[in-house]
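Okay, structure first, notes after.
The values are calculated or read from the model by the stated rules, or taken from the named source; none is laboratory data. Treat the numbers as computed from the prediction; the structure is a model and nothing was measured. When we count neighbours, we look across all protein chains shown, and the Cβ atoms used for this are built from the backbone with ideal geometry, even at glycine.
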RNA sequence: GGCGGCGUAGCUCAGUUGGUUAGAGCAGCGGAAUCAUAAUCCGCGGGUCGGGGGUUCGAAUCCCUCCGCCGCUACCA
């Protein structure tokens, strides 16, 4: 019977774009896990959304001259698009600024208040008159009362490491505007975490299969003892505290955003027209609630949230928190401010998603921080091409050449065949067990091991020899290889969804069912699609050619995406164009595959072009007066691929084909016969 | 300062409750094969498991200590 799973990935904070560390830590492993569960027929809901409140958003917005709303709108869509492009298959991707999230968060606040888990207190905090806001501790600079260092912040002194109370700081300054804040009294509501100390300790004891590092972090916290924690803030950007006389106060983001997992689920089922169905998941004690996060969020997900759920009394409790460590890049921590992050957007702009998914999964920081480099990426990409891609390719080509593109008869399997089948079944069981146990990277390596075995099988049975000496054997071998391609498709389904889909097109079979791996499902005589190269190999030094969406996004100490690229840095006033400007244009060799007339337009063609590893796309061009469709098909022309898409006569065009245009006519700029689709034009 | 973690073959990483000759992938060397994206397959790794000390019949795996790197320390999310 299917089990219910609620799987969440950390809500990304909507003040900047996401980098590969985020992807590797909280989103990719979750997606692999979820896709696997779906293949096993489990009942899974996978939710996420952007976390859009908090003082950091308001400050980032001010710095960019935007309203908080405008800022989060930009990053919500940027982040949503990143996830789409990388194949992170959320059932729902919400945002914490939606009305039903407000409703739900406020209801939870009132429920906890009603149950006596929230207290109200008056405290003193520093208030900046010029900024007109209470200052979070980290936004206060000053002199350390203990060591006299002038680089202390409201929470801690950088130099002597003492833990400070902001009110003790000598000569305190607002780090935003530099003026001197003053203490001011205010009222706040506190969640009584301390009264759950024993409960949470006991709860964590009963958890099975948690990672050591996660439990370790928790032990550290619990040893210090839990304290009451303020869950409200004086701010105008957030979920209002739903009480009389609480104007100007909002729920603290770390109280409210965790509830976004629930409200995202609510939204999901509302979209499906089943507004009450979220309760089947969140209120069923048997539900397996799994949070994928980075290690910086452990305390909130392994301590605070379970306490909140427990305090609400009728919610499912946390089942596991597979937190990952950090993915460094070239030995350095990925950091927005230090410009050492590799943005997801920049990656997907240049290369397909699956090689990243593979490289990041194999190198995932499951037990400790790991290091990612372009050279490592290249090695992993090429491994994919050489081992998996090559097996699929050699099998498909052989089937086309020697069996007219049909699945040859299965015949009588011999020892080699049943051996392979059995081994693949064992591997599937093992890979599945590892994914279920959150050992995603080990699972991924093992899947690749299966591809190696398939290559070995191919070599052992040598169909290129038996095709002459023993055609019946050859048929058996090729049938087995094709079945193996199908097994690999499913085995890699959770890891490489785009590739699995492409293999599926070649086999004419898209079904994903874990239990079928190792059983022959392709019918004798079934027709096969055209073989496609699955992965383009990368040359050494390829990274020098990578383009970035905009270098500006990481500069100036603060994220500034959403700025139109055209505004960025055209310093030349004359007619020359800076090299950097030119480099932003992505011109590539495109193989024209199909040419169709556009209805109602006498000059336009709609063309499907192949850009190699960038895939296929459609462009529209006014070439009809100059070329016949049959002349264009098969040509290799230069195309600008990153021009903003346009709709021409109702047809979408994703790129612009380059041609000379003079008195003698219009001529496409053709690449030579050796050029391959996707090659860069420079 | 307190707490915690990491340091394993050239590179990136695995190493379960301490137990036979410390593993994988990549890179490198040799060979086979030639269906395949010069891909594949076979063979080849003596790395003081950061240094030192200790416990033990036996430790990469436990304890102490030193060196190097890093994280967390609750009101930025």
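A few comments on the model shown:
- Here residue A:275 meets each of (1) in a loop (DSSP other than H, G, I, E, B); (2) surrounded by 15 or more Cβ atoms within 10 Å (Cβ to Cβ); (3) under 29 Å from the mean Cα position of the chain (by Cα) with one exception, condition (2).
- Considered as a group, the residues in the stretch A:375-399 that are over 18 Å from residue A:477 (Cα atoms) and near RNA strand B (Cβ under 6 Å from one of its atoms) include one that is surrounded by the most Cβ atoms within 10 Å (Cβ to Cβ), and that residue is A:389.
- Test: residue in the stretch A:450-459 that is free of Cβ contacts under 8 Å to residues at least 24 places away in the same chain, closer than 30 Å to residue A:29 by Cβ and part of a helix (DSSP H, G or I): yes
- Residue check for residue A:122: farther than 30 Å from residue A:354 by Cα, touching a residue at least 40 places away in the same chain (Cβ under 8 Å) and touching a strand residue (DSSP E or B) at 6+ places or on another chain (Cβ under 6 Å): yes
- Scanning the stretch A:173-213 for residues that are assigned to a loop (DSSP other than H, G, I, E, B) and either closer than 30 Å to residue A:110 by Cα or not assigned by TED's automatic domain parsing to the domain that holds residue A:123 (or both) turns up A:192, A:207.
- Qualifying residue in the stretch A:58-80 (condition: within 30 Å of residue A:442 (Cα to Cα), in contact with a strand residue (DSSP E or B) (Cβ under 6 Å, 6 or more places away or on another chain) and more than 16 Å from RNA strand B (Cβ to nearest atom)): yes
- Residues of the stretch A:220-240 that are near RNA strand B (Cβ under 7 Å from one of its atoms) and either within 31 Å of the chain's Cα centre (by Cα) or not in a helix (DSSP H, G or I) (or both): A:220, A:221, A:225, A:226, A:227, A:229, A:230, A:233.
- Here A:121, A:107 are screened, and the one residue that is within 16 Å of RNA strand B (Cβ to nearest atom) and more than 24 Å from residue A:365 (Cβ to Cβ) is A:121.
- Check on residue A:77, in the same structural domain as residue A:270 (by TED's automatic domain parsing), more than 22 Å from residue A:349 (Cα to Cα) and outside any loop (DSSP other than H, G, I, E, B): no
- Against the conditions (1) within 16 Å of RNA strand B (Cβ to nearest atom); (2) part of a helix (DSSP H, G or I); (3) touching a helix residue (DSSP H, G or I) at 6+ places or on another chain (Cβ under 9 Å); (4) over 15 Å from residue A:488 (Cβ atoms), residue A:438 satisfies every one except (2).
- Within the span defined as the stretch A:19-33, one or more residues are outside any helix (DSSP H, G or I) and either under 30 Å from residue A:136 (Cα atoms) or within 16 Å of RNA strand B (Cβ to nearest atom) (or both).
- Qualifying positions in the stretch A:278-296 - within 16 Å of RNA strand B (Cβ to nearest atom), in a helix (DSSP H, G or I) and touching a strand residue (DSSP E or B) at 6+ places or on another chain (Cβ under 7 Å): A:295
- Residues located in the stretch A:633-652, provided they are at pLDDT 70 or above and either part of a strand (DSSP E or B) or more than 29 Å from residue A:348 (Cα to Cα) (or both): A:636, A:637, A:638, A:639, A:640
- Just one of the listed residues (A:300, A:315) is free of Cβ contacts under 8 Å to residues at least 60 places away in the same chain, within 29 Å of residue A:437 (Cβ to Cβ) and away from RNA strand B (no atom under 16 Å from the Cβ), and it is A:315.
- Qualifying residue in the stretch A:497-504 (condition: over 21 Å from residue A:423 (Cα atoms), surrounded by fewer than 17 Cβ atoms within 10 Å (Cβ to Cβ) and free of Cβ contacts under 8 Å to residues at least 24 places away in the same chain): yes
- The residues of the stretch A:455-488 include none that are at pLDDT below 95 and closer than 22 Å to residue A:39 by Cβ.
- Members of the stretch A:358-374 found to be surrounded by fewer than 20 Cβ atoms within 10 Å (Cβ to Cβ) and more than 8 Å from RNA strand B (Cβ to nearest atom), listed by number: A:374
- Test: residue in the stretch A:533-548 that is more than 16 Å from RNA strand B (Cβ to nearest atom) and either modelled with pLDDT under 75 or part of a strand (DSSP E or B) (or both): no
- One residue from A:208, A:168 being surrounded by 14 or more Cβ atoms within 10 Å (Cβ to Cβ), more than 12 Å from RNA strand B (Cβ to nearest atom), free of Cβ contacts under 8 Å to residues at least 24 places away in the same chain and over 23 Å from residue A:254 (Cβ atoms): A:168
- Qualifying residue in the stretch A:34-43 (condition: within 16 Å of RNA strand B (Cβ to nearest atom), not assigned by TED's automatic domain parsing to the domain that holds residue A:175 and not in a strand (DSSP E or B)): no
- Screening residue A:57 against (1) at pLDDT 95 or above; (2) touching a helix residue (DSSP H, G or I) at 6+ places or on another chain (Cβ under 8 Å); (3) not in a loop (DSSP other than H, G, I, E, B) leaves a single unmet condition, (1).
- Selection from the stretch A:1-17 of residues that are under 21 Å from residue A:256 (Cβ atoms) and part of a loop (DSSP other than H, G, I, E, B): A:10, A:11, A:12, A:14, A:15, A:16
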